[in-house]
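Each remark here refers to the structure printed beneath this line.
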């Protein structure tokens, strides 16, 4: 029997039921907006979408807390993008702009950026501050989920 997962749509945040073995880049569409459930790219999240992806989805969520003026954040962005292509659909990658979402940054005690936080069913399971390359991100996430 195929395991069914709850997956939040990256476009409209609608929750969808999808079989685990069918989740790949480009397969699986949102029942509401018909967008792909996975594209291999990070999702820009705001406070409204955060709950759907971090708490209600069965897919672990890796969030990059960043700001547009931050040099290390800009340097890490292409590595985070590359990691999304390798980690999805096992993990959803998202970016939260701390200037625009100050309440979320405060809620999670973001003191320095970039900061990565890995969530599983709404719980923080790992945190890493500072710039990382794609290989480092993938290794860190693998260690958090497999360990």
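A residue that is surrounded by 13 or more Cβ atoms within 10 Å (Cβ to Cβ) and under 22 Å from residue 117 (Cα atoms) cannot be found anywhere in region 20-35. With a requirement of 2 or more residues that are over 12 Å from the mean Cα position of the chain (by Cα), the strands (runs of 3 or more DSSP E) lying completely within region 1-101 that satisfy it span 4-8, 15-19. Exactly one residue among 122, 147, 126 is in contact with a helix residue (DSSP H, G or I) (Cβ under 6 Å, 6 or more places away or on another chain), modelled with pLDDT under 95 and over 16 Å from residue 66 (Cβ atoms), and that residue is 122.
The values are calculated or read from the model by the stated rules, or taken from the named source; none is laboratory data. If you're wondering where the values come from, they're calculated on a predicted model, not measured in any experiment. Quick reminder, even Gly has a Cβ in these numbers, built from the backbone with ideal geometry, and neighbours come from all protein chains shown.
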